[in-house]
Amino acid sequence: MTPAQKEYAAFIDRLGLRHFTGAEVAAYAARTRGAVRNSLPPRALWPNIIKTLIVADEIRHRYGKPVSVTSAYRSPAYNRAVGGEPASFHMQNLALDLSVPEPKKFRAIAASLRGKSFKLPGNGGSFIWKGGIGLYSTFVHIDARGYDANWNG
């Protein structure tokens, strides 16, 4: 892991999540597709992932089974290389794709948490989760876009 990835991982680890580590999220920055290598999000975008990770951690806790991060921040070039949506929330560091054994069950738990309040770390207050949930055959997309959206289910 590069020094920058370690710094990003430490930023995420300071959230105190139960089920996700900074290392597993930061590792996605090293992915390649063809000749295109992904990157870490620009530092100004780091805070964008906080709400998504907090919600993902609670969904994972209620799900009770292993969950793997299969997609996190995508640079614009990497997003194009993987065939992502042109305005993908991954490019804003607001989205995660999570690989799970039972995507429909995971998606149902995610949907049940919409409109619920979540605490931010430290004295950061709280937020009501509104976001995207996308159901795929082997993973679920979640994001904290600020409004509810569903697709593929």
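Below are the figures for this structure:
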{"quantity": "Members of the stretch 1-24 found to be hydrophobic (A, V, I, L, M, F, W, C) and in contact (Cβ under 8 Å) with a residue 60 or more places away in the chain, listed by number", "calculated": "LEU15"}
{"quantity": "3 or more residues of a type in the set (Ser, Thr, Tyr): qualifying strands (runs of 3 or more DSSP E) within the stretch 19-121", "calculated": "68-71"}
{"quantity": "Residue match in the stretch 109-119 (condition: in contact with a strand residue (DSSP E or B) (Cβ under 7 Å, 6 or more places away or on another chain) and aliphatic (A, V, I, L, M))", "calculated": "yes"}
{"quantity": "Residues located in the stretch 14-46, provided they are under 26 Å from ARG60 (Cβ atoms) and β-branched (Val, Ile, Thr)", "calculated": "THR21, VAL25"}
{"quantity": "Subset of the stretch 131-153 (residues that are more than 26 Å from ALA26 (Cβ to Cβ) and in a loop (DSSP other than H, G, I, E, B))", "calculated": "SER137, TYR147, ASP148, ASN152, GLY153"}
{"quantity": "Residue list for the stretch 76-98, filter: over 16 Å from LEU53 (Cβ atoms) and either of a type in the set (Ser, Thr, Tyr) or crowded, with 17+ Cβ neighbours inside 10 Å (or both)", "calculated": "TYR78, ASN79, ALA81, GLY84, SER88, MET91"}
{"quantity": "Scope the stretch 25-50; condition within 15 Å of LEU94 (Cβ to Cβ) and in contact (Cβ under 8 Å) with a residue 40 or more places away in the chain; matching residues", "calculated": "VAL25, TYR28, PRO41, LEU45, TRP46, ASN48, ILE49, ILE50"}
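Computed from the coordinates by the stated procedures, all read-outs in this text should not be read as laboratory data. None of the values given here were measured: they were computed from a predicted structure. Note: ideal-geometry Cβ built from the backbone for every residue, glycine included; neighbour counts use all protein chains shown.
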